[in-house]
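Only one structure is covered here, and it is reproduced in the block below.
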Amino acid sequence: MSETLIRNADVVVTMNDQRAEIARGDVHIRDGVILSVGTGLHAPGAEVIDAGGCVVTPGLVNTHHHLYQTLTRAVPGGQDALLFGWLKTLYPIWAKFGPEEMFTSAQVGLAELALSGCTMTSDHLYLYPNGARLDDTIAAAEEVGLRFHPTRGAMSIGESAGGLPPDSLVEREPKILDDMIRVVDRFHDPRPGAMVRVGLAPCSPFSVSRDLMRDAALLARDKRVMLHTHLAENEEDIAYSLAQFGCRPGQYAEDLGWTGADVWHAHCVKLDSSEIELFGRSLTGIAHCPCSNCRLGSGIAPVRQMRDAGVKVGLGVDGSASNDAGNLVAEARMAMLLQRVARGADAMSAREALEIATLGGARVLGREDLGQLVPGKRADLAIWDLRGIEAAGSWDPVAALLLCGPTRVRDLIVEGRQVVRAGQIVTLDLPRLLERQRHLAQRLAG
Ligand SMILES: [Zn+2]
């Protein structure tokens, strides 16, 4: 039995249904589950973590990533390109990846997320060159200790068939479906507290066929797993949909079974009001990726309208070739700022952005057991030290978390286990990992 008492936090942000914040708060954890939250708690025999000067929040949830891209950051030809040009620069480099690149890049991305307060992340892996498998990233996450929702992505329409990716990076659709079945049967855990849940994720409407979109949706319903893809990312994406399918992305998604509480779409920058209404009504989720949208010049996603229409919204750092940082708390700050750029200073508060980053993400990924510091929920939480220079002089520690900083956690706990302690990852040897990553990046740049 493992037991931990986090005590004396300046504020515990519970994200409970009343959004209660507890001053001088304690959190008592046993065997990966939150036992109680309050003040003056006693837990004889428990490990004690003193959180004086800190804010404790639910762990942040990342709903969209391509972890493998940590090996292709700031690639010269892709630095200033729009989405389609950016992809065409990077595809030939990604074609050189294999299992080692997938494993190492995933560990780097996961460690980076952990240090930024993230306890659970999804990943969208849609290319499998040279023997790479989804298994490589799952092994990486197991070692780092984050809760992981990998998705079996896919591309099947190569250049010769009118798609965007080179033929060498696409797979045959029957083989894709077979591997989707394999990874779900092998790794998906539907139980509360699951550390791994698998989703199905054809890459985007412009890289797979209509048939594969439909078949993946049928398979996901049969296996009771979630569906994920990129949708309505920018104007090029909308134009492609209108030209190829004769409809907007929202209708394409609905026609093929890609709406519902078990579906979440990345970006959705260009959804119109009827598509937003459709997503709200059908409980379809969104992974909002503000930094990536800025980086690729895609636009500002209408998150204010989405939230007002009841759409479930979570945050995503997106792949590290289009951000190129994987700092989730910085992403929450950017989400807040971008809505203000679009709609004024009262468009989104720091507290609402924090809610999207925690509870919002958990809801998007279908995790009722996470996202709130409430008795009975799983013990995923982040401890933020507000005594550093970034937040010095701040009057409201919870708002300061996004209006000022810090951008790294002091401690991170996942399923009751410590992943970050005193600002350091404790589950792996980070300097050695970074050395391996440098070596691989140099080999790719060759
Ligand atoms: Zn993406």
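The values are calculated or read from the model by the stated rules, or taken from the named source; none is laboratory data. These figures come from a predicted structure and were not determined experimentally. A quick note on method: Cβ atoms are made from the backbone with ideal geometry, for glycine too, and the neighbour counts reach across all protein chains shown.
Worth pointing out:
- Within the option set ALA74, ALA20, being under 24 Å from GLY193 (Cα atoms) and more than 16 Å from the ligand (Cβ to nearest atom) holds for one residue only, ALA20.
- Within the range 269-292, the set of residues being under 21 Å from the mean Cα position of the chain (by Cα) and among the polar types (S, T, N, Q) comprises THR284, SER292.
- Within the range 357-382, the set of residues being in contact with a Lys or Arg (Cβ under 7 Å, 6 or more places away or on another chain) and either within 18 Å of VAL409 (Cα to Cα) or hydroxyl-bearing (Ser, Thr, Tyr) (or both) comprises GLY371, ASP380.
- Among the residues of the range 257-273, just one is hydrophobic (A, V, I, L, M, F, W, C) and surrounded by fewer than 21 Cβ atoms within 10 Å (Cβ to Cβ), namely ALA261.
- Those residues of the range 303-320 which are within 15 Å of the ligand (Cβ to nearest atom), assigned to a loop (DSSP other than H, G, I, E, B) and either among the basic types (Lys, Arg) or closer than 17 Å to MET226 by Cβ (or both), in sequence order: GLY316
- Among (1) more than 16 Å from the ligand (Cβ to nearest atom); (2) charged (D, E, K, R); (3) assigned to a helix (DSSP H, G or I) - the single one ASP80 does not satisfy: (3)
- Taking the listed residues VAL313, VAL303, VAL341, the one that is within 12 Å of the chain's Cα centre (by Cα) and farther than 26 Å from ASP211 by Cα is VAL313, with no other qualifying.
- Test: residue in the range 342-360 that is more than 16 Å from the ligand (Cβ to nearest atom), of a type in the set (Asp, Glu) and in a helix (DSSP H, G or I): yes
- Any helices (runs of 4 or more DSSP H) falling wholly within the range 224-302 and containing at least 1 residues that are within 15 Å of the ligand (Cβ to nearest atom) and of a type in the set (Ser, Thr, Tyr): 290-295
- Residue that is farthest from LEU113 (Cα to Cα), among those in the range 63-77 that are modelled with pLDDT under 95 and in a helix (DSSP H, G or I): GLY77
- Filtered residues of the range 321-335 (kept if of a type in the set (Gly, Ala, Ser), within 16 Å of the ligand (Cβ to nearest atom) and within 12 Å of the chain's Cα centre (by Cα)): GLY326
- Test for GLY109: is it surrounded by 14 or more Cβ atoms within 10 Å (Cβ to Cβ), among the small types (Gly, Ala, Ser) and within 16 Å of the ligand (Cβ to nearest atom): yes
- Subset of the range 134-162 (residues that are in a helix (DSSP H, G or I) and over 12 Å from GLN107 (Cβ atoms)): LEU134, ASP135, GLU159, SER160, ALA161
- Among the candidates LEU146, LEU164, LEU127, LEU169, the residue that is within 20 Å of SER322 (Cβ to Cβ), under 19 Å from the mean Cα position of the chain (by Cα) and touching a residue at least 24 places away in the same chain (Cβ under 8 Å) is uniquely LEU127.
- Some residue of the range 4-12 being surrounded by 14 or more Cβ atoms within 10 Å (Cβ to Cβ), on the phi < 0 side of the Ramachandran plot, touching a residue at least 60 places away in the same chain (Cβ under 8 Å) and part of a helix (DSSP H, G or I): no
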